[in-house]
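The structure appears right after this line, and notes come after that.
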Amino acid sequence: MLRNKKILIGVCGSIAAYKIAVLVRLLVKEGATVKIIMTPAATAFVTPLTLSTLSKNEVLYSLATDSSWANHVLLGRWADVMLIAPLSCNTLAKMAHGLCDNLLTAVYLSATCKVMLAPAMDEDMWHHATTKDNIEKVKSFGNLVLPVHHGELASGLTGEGRMAEPEEMITYLQQYFQQNNSLAGKKVVITAGPTYEPIDPVRFIGNHSSGKMGMALAEECRNRGATVLLIHGPVQQALPPHMKTISVQTAQQMYDACMQAFDHTDIFIMAAAVADYAIAEISGTKIKKQENELSLTLHKTPDILKQLGALKKNHQILVGFALETDHEKENAIKKLKLKNADYIILNSLQDKGAGFGHDSNKITIFDKAENCFEFDLKSKKEVAADIINTISKKIHA
Ligand code: C5P
């Protein structure tokens, strides 16, 4: 599983750094290519010579020497995974706030790959409110934080804060690469954002959807090896790279784009907040101010998810969203059946921090057997991973 994988290890100043020699040895044995960068403090705990001998690569620990500059951007792009182990309190705090005063933090900020963190610190530092906050912050950026263990600590005390063992880190890396490939060869279509239904040349009916959930899902699928098509309504946010995108305005345009793509799709996720009604007759000129009331006639838009459900073949997986304000579970199950979807992802406007515009979401997933999986409030990146894990399990069952 780790053969030919490119692992970049970032070592911080902590007594647990001596274990990295064992980790490097195990990784090289597994066939991985290992490069190592260190913070200046780490070099006091284990020498660059030890780690370069074991990894068979030069170990870097400074941004520049008298005559050369370490290209942190290229290093960050080179790796399949960056593993920062041991992660000290100091480097954690820098990562949480975007500080960048040494090679390791510069590479971290430039890394486009998955980043895993193996913290190591004394129990009191581990339990400090600042550390807890910083850990939550780096998790919300999409980094994977490995658990710390209870046991003997460098201070002589016994408690929580021991770094994960090298063998355990190898298992995490193996699991990551296995999961990372879980959608290899799959074609995924995801819709995101609102639709705008024009009233006249200057006005429209829209909604508050930001498209963040759909885009997080698209990135998650792409990271797991799928070919992704993102069909999106008007969104402010930058579109995720390395995927095909189609920009639409109205429900009808989204319907047309979805229908065209559906036949060749393995997994279709309707995360867009599609308008249910559109103006029956769009005025060609700006509607003038009238007396007290103005009536507009609205027509129902096509229900894309329902139509896809009617066309769905056995091998295709169809996922819809349900944003509810009341009778959430009943409505979600009703929707699952009515639209012949395989999964409905429920998010309730009753939950603080969930739904439109937020960077976080709280979901419950319903499947066809009416199983229901509830999740905590998490970043939309983490929510996307939970959704795709659930779907992947079905594919690989
Ligand atoms: O019926 P309701 O609009 O609540 O269902 C929500 C789900 O249906 C979402 O997945 C949404 O993307 C999809 N939908 C659709 N076409 C519409 C309206 C909603 O595909 N016209």
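The values are calculated or read from the model by the stated rules, or taken from the named source; none is laboratory data. No experiment lies behind these values; they were computed from the predicted model shown. Note that we place each Cβ from the backbone using ideal geometry, even for glycine, and neighbour counts take in every protein chain shown. Heads up: the accessible areas ignore ligands, DNA and RNA and are worked out on the full protein's heavy atoms, side chains in. Shrake-Rupley method; radii C 1.70, N 1.55, O 1.52, S 1.80 Å.
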Check your understanding: If you project the alpha carbons of the chain onto their three principal axes, what span does each projection cover, largest first, in Å?
Key -> 79, 47, 38
Point to revise | Summed side-chain charge close to ILE388 - residues other than ILE388 whose Cβ falls under 15 Å, Lys, Arg +1, Asp, Glu -1 | key: +3
Review point. Taking the highest mean first, how do the peptides 244-255, 16-27 order by number of other beta carbon atoms within 10 angstrom per residue?
Key: 16-27, 244-255
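With a ≥ b ≥ c taken as the square roots of the eigenvalues of the C-alpha gyration tensor of the range 300-397, please select rounded if a/c is under 1.5 and otherwise prolate if a/b is larger than b/c or oblate if it is not?
Judged from the Cα gyration tensor, the range 300-397 comes out oblate (a/c at least 1.5, b/c at or above a/b).
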Point to revise | Under 16 Å from the Cα of LYS289 - lysines, other chains or at least 8 residues apart | key: none
Review point. Charges only on Cβ, +1 for Lys and Arg, -1 for Asp and Glu: so what's the dipole of the range 187-395 about the Cα centre, in debye to the nearest 20?
Key: 440 debye
Study note, to complete from the structure: Taking the dipole of the range 187-395 about the Cα centre (Lys, Arg +1; Asp, Glu -1; charges at Cβ), the one of GLN253, VAL228, VAL274 that reaches farthest to the positive side is VAL228
Check your understanding: Ranked from the most accessible area to the least, with a 1.4 Å probe and all protein chains present, what is the order of MET213, MET1?
Key -> MET1, MET213
Review point. Against the longest principal axis of the chain, how steep is helix 20-29, in degrees 0 to 90 to the nearest 10, with axes from Cα atoms?
Key: 70 degrees
Check your understanding: To the nearest 10 square angstrom, how much accessible area does HIS208 have with a 1.4 angstrom probe?
Key -> 150 Å²
Revision key, fill the gap. Restricting to aspartates and glutamates and to Cα separations under 14 Å from LYS368, and discarding same-chain partners fewer than 8 apart, the set is GLU330, ASP342
**Study point:** Loop-exposed GluC sites (Glu not before Pro) per DSSP, neighbour cap 12 Cβ within 10 angstrom, longest uninterrupted part of the chain
**Key:** 59-280
**Study point:** Set LYS329/LYS394; LYS288/LYS329; LYS137/LYS334; LYS187/LYS378; LYS137/LYS300; LYS313/LYS381 screened for pairs whose C-alpha atoms are more than 32 Å apart
**Key:** LYS288/LYS329; LYS137/LYS334; LYS137/LYS300
**Study point:** Tilt relative to the chain, helix 251-262 - C-alpha long axis, 0 to 90 degrees, to 10
**Key:** 60 degrees
Point to revise | Listed residues ASP367, ASP351 arranged by accessible area, highest first, probe 1.4 Å | key: ASP351, ASP367
Check your understanding: Once the mean 1/r over all distinct Cα pairs of the range 187-395 is inverted, what Kirkwood radius in angstroms do you read off?
Key -> 17.6 Å
Practice item. Compute the relative contact order of the chain as a whole-number percentage, counting only Cα pairs closer than 8 Å that sit 6 or more residues apart in sequence. Key: 11 percent
Check your understanding: For the Cα atoms of the chain, what angle does the longest principal axis make with the long axis of helix 166-180, in degrees from 0 to 90, nearest 10?
Key -> 30 degrees
Check your understanding: Leaving out ligands, DNA and RNA, what percent of the accessible area of the range 68-114 is carbon and sulfur, probe 1.4 Å?
Key -> 55 percent
Practice item. Give the accessible surface of the chain per residue, rounded to a whole number of Å², with probe radius 1.4 Å and ligands, DNA and RNA excluded. Key: 50 Å²
Check your understanding: Which three extents, in whole angstrom, do the alpha-carbon atoms of the range 6-180 cover along their principal axes, largest first?
Key -> 43, 34, 34
Review point. What residue among MET82, VAL115, ASN180 has its Cα farthest toward the positive end of the dipole of the range 6-180, where the charges are +1 on Lys, Arg and -1 on Asp, Glu, each on the Cβ?
Key: ASN180
Review point. When the dipole is taken about the Cα centre of the range 146-206, and only Lys, Arg (+1) and Asp, Glu (-1) are charged at their Cβ, what size is it in debye, to the nearest 20?
Key: 380 debye
Check your understanding: At what distance in angstrom do the alpha carbon centres of the range 89-135 and the range 219-275 lie from each other?
Key -> 34 Å
Study note, to complete from the structure: Taking the square root of 5λ for each eigenvalue of the C-alpha gyration tensor of the range 211-270, the equivalent ellipsoid has semi-axes, largest first and in whole angstrom, of 18, 15, 9
